[in-house]
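A short worksheet on the structure shown next.
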Amino acid sequence: MGRLARSGVLVVARALVIGGALVIGGALVTAAMAAGCGDREKQPHAGDRAAGVTARRDDDMPLAVLAKVITRPEVSGVPAGYQLMKPVATEPNAVLLLDQAEATMVPIYIGTTEAHSIELRLRGQPPPRPLTHDLFDAALRELGVELVRVQIDDLREGVFIASVFLRQGARIIELDARASDAIALALGNDIPVYVAEHVVRYTGVAIDSQLTR
């Protein structure tokens, strides 16, 4: 894992993508170090690189995959094999997820539009006019559907695979989603974001308090 800086209470105030590298609190994390952690332009998985698979955008995925709906019984609590992580900061090209121990971050490279929506929601600041995530929230409320939780489930061909869980009456419906959309919806509805442990192991960046002393 790479290392990020932390001093006392962790405050992530800046995260800048400069020349293909992520800079956080003065520490440098290259895109290569965080391979595979993009929501739009991604680095391929190590196995994919060996097979000659190139990076891709998750909005190039087939619509049938993005619109997949699975109905399952009620779900609650932390899913097995996942851990709770909190979105803590965004910049034009990234959103950062922090674990509960404040020891590991997962950076996800996203588009500027998605980053803007997430940043507004982190600040609790409504936009002048509804953005896409605001429209989706309003539609769910009018239809009597509740957002339950979101998950970052996997990394395939350099693309984060996420799930959004909705409650409609006695049913729980699972929707396939982009990581950026899932995180934005979670923030807007004050629900948890769970990240698969193998995703954290592969894309996580360790935070080292010694770097700032």
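Quick note: the coordinates plus some simple rules give every number you see, no bench work behind them. This is a predicted model, so every value here is computed, not measured. No Cβ is skipped: glycine too gets one built from the backbone with ideal geometry, and neighbour counts run over all protein chains shown.
Note on Q168 and A138: the model spin-label points, each 7 Å out from Cα along the C-beta direction, lie 2.1 nm apart. Rounded to 0.05, the FRET efficiency of the Q100 and R129 pair, given R0 = 25 Å and the Cβ-Cβ distance, is 0.10.
Within 10 Å, count the other beta carbons around each residue, average over each peptide in 194-207, 97-110, 125-138, and list them highest first. Please list the in-between numbers first.
Values: 194-207: 19.2, 97-110: 20.9, 125-138: 13.1.
Output ranking for 194-207, 97-110, 125-138: 97-110, 194-207, 125-138.
If you look at the Cα atoms of the range 142-213, you get an Rg and a Dmax of 15.1, 53 Å. The distance from the alpha carbon centre of the range 95-138 to that of the range 168-199 is 13 Å, rounded to a whole number.
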